[in-house]
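Engineer: After the structure tokens below, expect a handful of questions from me.
What follows is calculated from the coordinates using simple rules that are stated; it is not laboratory data. These numbers were taken from a predicted model, which means no experiment stands behind them. With ideal geometry, Cβ positions are generated from the backbone for all residues, glycine too; neighbour counts draw on all protein chains shown.
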Amino acid sequence: MSLPPGFLDELRTRTSLSQVVGRKVMWDSRKSNQGKGDMWAPCPFHQEKSASFHVDDRKGFYYCFGCHAKGDAISFVKETENVGFMEAVEILAREAGMPIPARDPQAQQKADKRTQLVEVMEAAVQFYRLQLKTGQGGEARDYLAGRGLDAGAQERWQIGFAPAGWQSLWDALTAKGISEELILECGLAKPSRQGKKPYDTFRNRIMFPIRDAQGRAIAFGGRAMDPEDKAKYLNSPETPLFDKGRSLFNFAPAREAAGKGGTLIVAEGYMDVIALSEAGFPAAIAPLGTAVTEDQLRLMWRIADEPVIALDGDTAGLRAAMRVIDVALPLLEAGKGLRFCLMPEGLDPDDLLKSQGAGAMQKLLARAQPMVDLLWQRETEGGTFDSPERRAALDKSLRAAIGKIADPFIRSHYGLAIKEKRWALFNTRKPAGGRVWQPKGTPEAAAPTTRASLLAQGNSTMDEILREAVILAVLLTHPAIIPQFEDALERLEFLDSDHTRIADALLRHMEAEDLRATLEGSLGPGPLEKLFQPRHVTLCPAVRSPGDDEVAALCVAEEMSKLHARRGARREIEEAVRDAEAMGDEGTTWRLGQAAEARNRAERAQNEDRTEFEIGANGARISRDERLRLDSLLAQINKGNTSG
């Protein structure tokens with residue numbers, strides 16, 4: 001069976017040779033460099049212990065320096081699976097999600113036709129190159145020189161010039177005996193609607209050849225010399241050779257440069273790619289007049305794990321970056337992502353290199369943002385989120401964006417990253433180490449070096465700090481219950497700055513597998529060691545028994561209730577005292593009594609018995625039964641003394 005032209009090229013492009021080979025070999029981790037696609041292993045075709053079998057994942061070829069076996073993914077499957085050519089193709093196509101085309105009896109004829117079309121395109125390249133050197137190309141040469149491209153650079157990129165005449169290329173190619181059909185099929189000319197002979201597609205333009213992964217000319221991009229031309233840049237139309245959405249300018253040289261460790265840079269146009277490459281960034285590519293497509297992204301990820309999207313620093317460049325995000329989200333895989341490098345306002349990569357040099361470009365590339373940052377910027381920029389409804393709308397749009405990610409692990413990590421950014425945006429509490437509101441007259445909090453001292457904590461807020469510690473310790477010991485108390489924890493005002501930091505970290509990382517280790521990595525071991533030091537914490541049943549989440553939830557709920565009640569009562573009492581000083585009426589006295597009673601009710605544990613108490617002269621609670629027995633005993637003693 002014959003396959004359509006281009007099918008095998010696309011199959012090889014979509015297939016990762018290292019994954020195919022990896023099913024049959026054990027990679028040598030010391031010798032291999034997975035990031036560069038440079039993999040080594042003992043050869044699967046002959047018995048050996050040394051790693052002489054080399055896979056170049058970026059180029060898609062393998063070679064054994066021992067038995068000299070070589071080939072691509074198709075030949076590897078043929079040899080290792082003992083199958084024929086078509087069966088090997090079917091295996092790889094199934095894995096790549098590509099349907100096998102129906103039998104085409106004219107496939108060989110089409111393959112021959114494709115070869116003829118490539119030859120016509122190469123003839124056009126030579127014609128345009130020659131025209132650039134003539135008198136007609138003088139203005140174009142001056143323009144290129146003004147853009148910093150000398151004769152050597154023009155030769156390297158095989159830049160040419162299309163004269164202004166209507167049939168210049170047509171006449172030159174037909175004079176060589178090239179058929180009119182082939183010229184039209186290559187998209188180099190268009191048929192006339194007035195019954196005249198076809199006219200050239202490109203006229204009065206600087207010409208940039210576009211080549212495929214094998215380096216064959218398949219299309220052109222033309223830059224207009226006339227500033228009044230409606231299209232500043234014009235690409236070849238779609239042809240049997242050229243699929244705009246599956247091609248990239250400078251793909252083959254960029255693939256080789258990326259394989260040597262260069263950063264793959266995705267620019268917007270031909271001149272940006274040429275300027276980057278000439279300035280020492282050879283792994284530069286560009287889409288061809290369209291937004292980045294899924295197929296183009298897959299091509300990029302075949303040669304680099306994290307391409308950097310370098311777009312113009314204007315509104316259009318930012319919009320283009322946002323479109324790339326929507327295309328990339330469903331395709332993300334572990335290790336395959338994008339970073340974004342936005343140029344300064346009003347500059348493109350070419351402008352930046354000319355005005356500030358390669359060093360400035362390198363600094364921008366080093367500071368390229370991960371895609372999640374740009375996603376967050378897109379969803380929040382210019383927005384005001386000062387109401388629950390607006391925050392809910394933001395959450396909905398973020399969930400919709402993250403929901404496009406097919407890989408559940410990537411989706412989970414994006415969710416965590418967005419949650420941290422959301423926390424930073426919406427958290428209205430005082431930052432760690434900042435001053436916390438205290439009623440007027442409240443003594444200053446102890447310094448960090450002495451706060452652990454009971455003497456330093458011997459004030460009216462000491463028990464509140466201990467309750468804070470119990471709440472955090474129980475939540476840290478029972479991370480499964482944190483979601484139940486997420487809202488309450490966000491609203492809780494901590495008196496201890498370390499407690500504030502721990503609470504913030506708990507909310508940010510509550511989905512971490514090892515929460516305590518994650519917090520220690522974020523905060524250091526000191527705050528957590530201090531948290532678990534007080535005896536009130538270590539003796540808490542929920543801390544001592546980490547397996548019972550139900551008991552832990554009851555404990556946290558009770559401690560929060562007591563903490564809120566005590567603070568509410570304290571504030572009510574302080575306000576009432578101020579009112580009493582001003583007015584001193586019975587209503588104020590009643591408020592004081594109600595506040596004290598509310599505090600007492602909240603502080604009685606749910607599991608306390610129903611014993612009735614009285615308040616002693618010293619303010620302590622005394623069991624009424626014990627008080628009556630004591631009074632009876634004292635009465636008997638007094639009676640005996642009297643009778644004596």
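Engineer: Among the listed pairs K31/K260; K24/K49; K59/K244, which are separated by more than 18 Å between their Cα atoms?
Structural biologist: In this structure, K59/K244 exceed 18 Å between Cα atoms.
Engineer: Oh, and also: Over 24 Å, how big is the tail of the calculated P(r) for segment 195-316, in percent of all Cα pairs? Could the numbers behind the result be given before it?
Structural biologist: Values: 2043 of 7381 pairs.
The share of Cα pairs beyond 24 Å in segment 195-316 comes to 28 percent.
Engineer: Could the peptides 413-425, 156-168 be put in order, highest first, of the mean number of other beta-carbon atoms found within 10 Å of their residues?
Structural biologist: So the order, starting with the most tightly packed, is 156-168, 413-425.
Engineer: Exactly which GluC sites (Glu not before Pro) in segment 237-314 are in a DSSP loop and have at most 15 other Cβ atoms within 10 Å?
Structural biologist: Taking segment 237-314 and a limit of 15 other Cβ atoms within 10 Å, the loop GluC sites (Glu not before Pro) found are E238.
Engineer: Something else about it: Excluding residues on the same chain fewer than 8 positions from K196, give the aspartates and glutamates whose Cα lies under 17 Å from its Cα.
Structural biologist: D171, E180, E181
Engineer: Looking at segment 171-270, which trypsin sites (Lys or Arg not before Pro) are in a loop (DSSP not H, G, I, E or B) and have at most 12 other Cβ atoms within 10 Å?
Structural biologist: Working: sites: K176, R193, K196, R203, R205, R211, R216, R223, K230, K232, K244, R246, R255, K260; in loops: K176, R193, K196, R203, R216, K230, K232, K260.
Passing both the DSSP loop test and the Cβ count: K176, R193, K196, K230, K232, K260.
Engineer: Given the Cα-Cα distance of K232 and R323 and 0.36 nm per residue of separation, how much length would full extension add, in nm?
Structural biologist: So the chain would gain 30.5 nm between K232 and R323.
Engineer: For segment 107-242, how big is Rg over Rh, using alpha carbon atoms and the Kirkwood form of Rh?
Structural biologist: Radius of gyration over Kirkwood radius for segment 107-242 works out to 0.97.
Engineer: Now a separate question. In square nanometres and to one decimal, what's the mean projected area of the convex hull around the Cα atoms of segment 7-96? Before the final figure, lay out each step's value.
Structural biologist: Working: hull surface 22.0 nm².
Projected over every direction and averaged, the Cα hull of segment 7-96 covers 5.5 nm².
Engineer: For D142 and A424, FRET efficiency with R0 = 51 Å and r from the beta-carbon atoms, rounded to 0.05?
Structural biologist: With a Förster radius of 51 Å, E is 0.45.
Engineer: Over segment 251-380, what per residue volume does the convex hull of the Cα atoms give, in whole Å³?
Structural biologist: On the way: hull volume 13.1 nm³, N = 130.
Considering the Cα atoms of segment 251-380, their hull volume per residue is 101 Å³.
Engineer: Moving on to the next point. Can you give the net charge of the other residues whose Cβ lies under 10 Å from the Cβ of E333, counting K and R as +1 and D and E as -1?
Structural biologist: Numbers: positive: K336; negative: D305, D407.
Summing Lys/Arg as +1 and Asp/Glu as -1 gives -1.
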